[in-house]
Amino acid sequence: MNSAKHQTIIQGIKEGDYQILKAFYKKNLPHVRKFILKHHGRPEDVEDIFQEAVVVLYHKLRTEKLETKVMIDTYFAGICKNMWRNQLRKQQLIAYQNWLVDTSEDTEASILETLLLEDQQALYQKYHAQLNPTSSQLLQLFFEGKNMKTIASYMGYSEGYTRKKKHLIKNRLLQGIQQDPVYEELVAS
């Protein structure tokens, strides 16, 4: 794609040009759909993410001097992928928190279920307490749903280093939990 055509697309998106937006949708929606459906998404997720990403792209083009080193389609695909990954993280966080804390007040819950939940929480807390304060804080910010840019700014790290550090901390925590003999008993339950 030549630079003039690239600039025409960007200008058309900024101005809300119907024909350019229609062509942009037609070209990009199949790629976004394929990615999201391949990564545990539903058809309605595709529409939601695509629409939100178009709004993000529009705002970035209107409010920022956006200079990309890649074509606008590639940049847009990156926005969609990041938004979907964030959505998955939020879903995993909710599932993870539900695993850690039983928020239901079901009076018919069996004693065994309550004991299992307490054992799971104790196992997590045991290995979480072994983390240094900085690692614990980074992980807590992540579990609160903060994005990497915010966490990096708060922690005083670069965004790339923050991602790597979070990944290493989670792996260390998971490894400790999975190597604990109690973990095998809990999984077998």
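The values are calculated or read from the model by the stated rules, or taken from the named source; none is laboratory data. What you are looking at is a predicted structure, and each value in this text was computed from that prediction instead of being measured. Cβ coordinates were reconstructed from backbone atoms using ideal geometry, including for glycine residues, and neighbour counts include every protein chain displayed. Heavy atoms of the whole protein, side chains included, go into the accessibility calculation; ligands, DNA and RNA do not. Shrake-Rupley method; radii C 1.70, N 1.55, O 1.52, S 1.80 Å.
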Yes/no for ILE49 being within 26 Å of ARG163 (Cβ to Cβ) and touching a Cys at 6+ places or on another chain (Cβ under 7 Å) | yes
Please state which one of LEU57, LEU37, LEU29 is touching a Pro at 6+ places or on another chain (Cβ under 8 Å) and assigned to a helix (DSSP H, G or I).
-> LEU37
Of the residues in the stretch 2-20, those that are of a type in the set (S, T, N, Q) and either in contact (Cβ under 8 Å) with a residue 40 or more places away in the chain or in a helix (DSSP H, G or I) (or both) come to SER3, GLN7, THR8, GLN11, GLN19
For residues in the stretch 12-50 being open to solvent by 20 Å² or more (accessible area, probe 1.4 Å) and of a type in the set (A, V, I, L, M), which is farthest from TRP84 (Cα to Cα)?
-> ILE20
If you take the residues of the stretch 51-110 that are within 24 Å of GLU15 (Cβ to Cβ), among the acidic types (Asp, Glu) and surrounded by 14 or more Cβ atoms within 10 Å (Cβ to Cβ), which of them is modelled with the highest pLDDT?
-> GLU52
Complete set of residues in the stretch 142-189 that are among the aliphatic types (A, V, I, L, M) and either modelled with pLDDT of 85 or more or more than 23 Å from GLN120 (Cβ to Cβ) (or both) | MET148, ILE151, ALA152, MET155, LEU168, ILE169
How many of the residues making up the stretch 12-30 are more than 14 Å from ILE72 (Cβ to Cβ) and small (Gly, Ala, Ser)?
-> 1
